[in-house]
1. All but one of (1) under 30 Å from LEU118 (Cα atoms); (2) assigned to a helix (DSSP H, G or I) hold for TYR47, so report the exception by its number.
2. Name every residue in the range 76-94 that is more than 18 Å from the chain's Cα centre (by Cα) and either surrounded by 10 or more Cβ atoms within 10 Å (Cβ to Cβ) or in contact (Cβ under 8 Å) with a residue 40 or more places away in the chain (or both), in order of residue number.
3. Regarding LEU40, is this residue open to solvent by 100 Å² or more (accessible area, probe 1.4 Å), out of contact with any Cys (no Cβ under 8 Å at 6 or more places or on another chain) and modelled with pLDDT of 85 or more?
4. Within the range 97-106, can one find any residue that is at pLDDT 80 or above, within 21 Å of VAL7 (Cβ to Cβ), of a type outside the set (Gly, Ala, Ser) and surrounded by 10 or more Cβ atoms within 10 Å (Cβ to Cβ)?
5. So THR29 ticks every box in (1) under 17 Å from the mean Cα position of the chain (by Cα); (2) of a type in the set (Ser, Thr, Tyr); (3) open to solvent by 80 Å² or more (accessible area, probe 1.4 Å) but one. Which box is left unticked?
6. All but one of (1) surrounded by 12 or more Cβ atoms within 10 Å (Cβ to Cβ); (2) within 27 Å of ALA8 (Cβ to Cβ); (3) at pLDDT 85 or above; (4) of a type outside the set (Ser, Thr, Tyr) hold for CYS57, so report the exception by its number.
7. Of these, LEU68, LEU143, LEU63, which one is among the aliphatic types (A, V, I, L, M), under 30 Å from ALA10 (Cβ atoms), at pLDDT 80 or above and open to solvent by less than 100 Å² (accessible area, probe 1.4 Å)?
8. Report, by residue number, each residue of the range 1-18 that is assigned to a helix (DSSP H, G or I) and loosely packed, with under 10 Cβ neighbours inside 10 Å.
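The values are calculated or read from the model by the stated rules, or taken from the named source; none is laboratory data. Just so it is clear, the structure is predicted and the values come from calculations on it, not from any experiment. Positions of Cβ are generated from backbone atoms using ideal geometry, with glycine treated the same way; all protein chains shown enter the neighbour counts. The protein model used for the area step is the full one, side chains on, heavy atoms only, and it has no ligands, DNA or RNA in it. Shrake-Rupley method; radii C 1.70, N 1.55, O 1.52, S 1.80 Å.
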Amino acid sequence: PHPVVPVAHASLLLPQWSQRFELESAGVTGYPLEVRYPFLDLRIVNYILALPPFPWCLQKTLLREAMLGHLPERIRLRRKTPFAGDLLAEKLRRREAAWLEQAPWSPEMDRYVGRSALPQLGFESASEGKEKSRRPWMDIRPLCLNFWLQSPRGVRYNLLAEVHNA
C-alpha cells in the first residue's frame, strides 16, 4: 500500500481503468486516434501521490494554484459543480452549434479522416430530418484532432522520443 494515500493508490488498480482504456482503443471506436489522459500520465500520478493530501488534494487546490494567472479568477476559484445530463449532447442540439459543420478543415486531416464518413455534429432544423448521432463524445474526436492540427502553438508529439521514454 502507498504510505501517504493508500486508497487513492489502490483505486488506480481497479479493473474499470483498463476496461475504459480498452473501450477507447481505435479498434473499438472505429476512429484511428490515440486517446490520452494527461492526468493519468505516470509522471503526474507519481508526483500527485508524493504530495501531502492536505492542502494540495482538497477542492482542486493544486490545479487552482497552477492556473493562477492563466485563468480568470472567477473561473479558477469557482466551486465544483456536477453536470446534469450529457453537456456535449445538449450543446450540440443548440442552434449555436451549427458552425461545426462549416469549421475550416486542416489539409492534414485528409491524411487521417474521410470527411464523407463523419456524422453531422451541429444543430439541424427539424425540416432537414437527418438523424443525429447517439455518440457525440466519439463523433467529436475528429473535429478535436482538426482543431489541434490547426493549433497556432504548433505543438507536436515526438513519437520516437516517447517510445524511448516509455
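1. The number of the failed condition is (1).
2. ARG76, LEU77, ARG78, ARG93, ARG94
3. Values: open to solvent by 100 Å² or more (accessible area, probe 1.4 Å): no; out of contact with any Cys (no Cβ under 8 Å at 6 or more places or on another chain): yes; modelled with pLDDT of 85 or more: yes.
The answer is no for LEU40.
4. no
5. Only one criterion is unmet by THR29, namely (3).
6. It is condition (3) that CYS57 fails.
7. LEU63
8. VAL7, PRO15, GLN16
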